[in-house]
């Protein structure tokens, strides 16, 4: 799938998620990485490759004003069942597979799509307070 068809077209869809993303954007990068590292053992080696790719930088997707590290942090604030984490692992793994989308658009679109899908299904709880985000 060519995720570039979504370049600049997600802004209306992302309106409900912008406040949380803006809060995450303001956080120290090391705090975000430390939080994500708390989940690292739950992921396959392929998914871990994507996480390390995200840690290396080049995450700003400018047409939709998204950052892959921020989106990864956001999707890990979800308290959900095992199937959610399996989906997160699958999407992270697909990013580094040939044609999977290692560019900023591929990283952010794939991960944000997962978050939106689960948000709209209401099968989980999202941590709401800034204190919860920093745990």
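In segment 30-43, what count of residues is obtained for those that are surrounded by 13 or more Cβ atoms within 10 Å (Cβ to Cβ) and free of Cβ contacts under 8 Å to residues at least 60 places away in the same chain?
Within segment 30-43, the subset surrounded by 13 or more Cβ atoms within 10 Å (Cβ to Cβ) is 31-33, 35-36, 39, 42-43.
With the extra rule that they be free of Cβ contacts under 8 Å to residues at least 60 places away in the same chain, the set shrinks to 32-33, 36, 39, 42-43.
Selection size over segment 30-43: 6.
Output the residues belonging to segment 11-24 that are under 17 Å from residue 105 (Cα atoms) and more than 15 Å from the chain's Cα centre (by Cα).
11, 12, 13
Looking at (1) at pLDDT 90 or above; (2) part of a helix (DSSP H, G or I); (3) more than 19 Å from residue 105 (Cβ to Cβ); (4) touching a helix residue (DSSP H, G or I) at 6+ places or on another chain (Cβ under 9 Å), can you tell me which one residue 27 breaks?
It is condition (2) that residue 27 fails.
Answer yes or no: is there a residue in segment 109-118 that is touching a helix residue (DSSP H, G or I) at 6+ places or on another chain (Cβ under 7 Å), surrounded by 12 or more Cβ atoms within 10 Å (Cβ to Cβ) and assigned to a loop (DSSP other than H, G, I, E, B).
no
Pick out, from segment 44-107, the helices (runs of 4 or more DSSP H) lying fully within it that include 3 or more residues that are in contact (Cβ under 8 Å) with a residue 12 or more places away in the chain and over 11 Å from the mean Cα position of the chain (by Cα). Step through it out loud before you land on a result.
Numbers: elements: 45-56, 68-75, 82-96.
Because the criterion is at least 3 residues that are in contact (Cβ under 8 Å) with a residue 12 or more places away in the chain and over 11 Å from the mean Cα position of the chain (by Cα), the helices (runs of 4 or more DSSP H) in segment 44-107 that meet it are 45-56, 82-96.
Would you pick out the residues in segment 30-43 that are closer than 15 Å to residue 74 by Cβ and part of a helix (DSSP H, G or I)?
Step one: filter segment 30-43 for residues closer than 15 Å to residue 74 by Cβ, giving 31-33, 35-36, 38-39.
Those that are closer than 15 Å to residue 74 by Cβ and part of a helix (DSSP H, G or I): 31, 32, 33, 35, 36.
The values are calculated or read from the model by the stated rules, or taken from the named source; none is laboratory data. The model shown is predicted, which means the values in this text are computed figures rather than measured ones. Note that each Cβ is placed from the backbone with ideal geometry, even for glycine, and that neighbours are counted across all protein chains shown.
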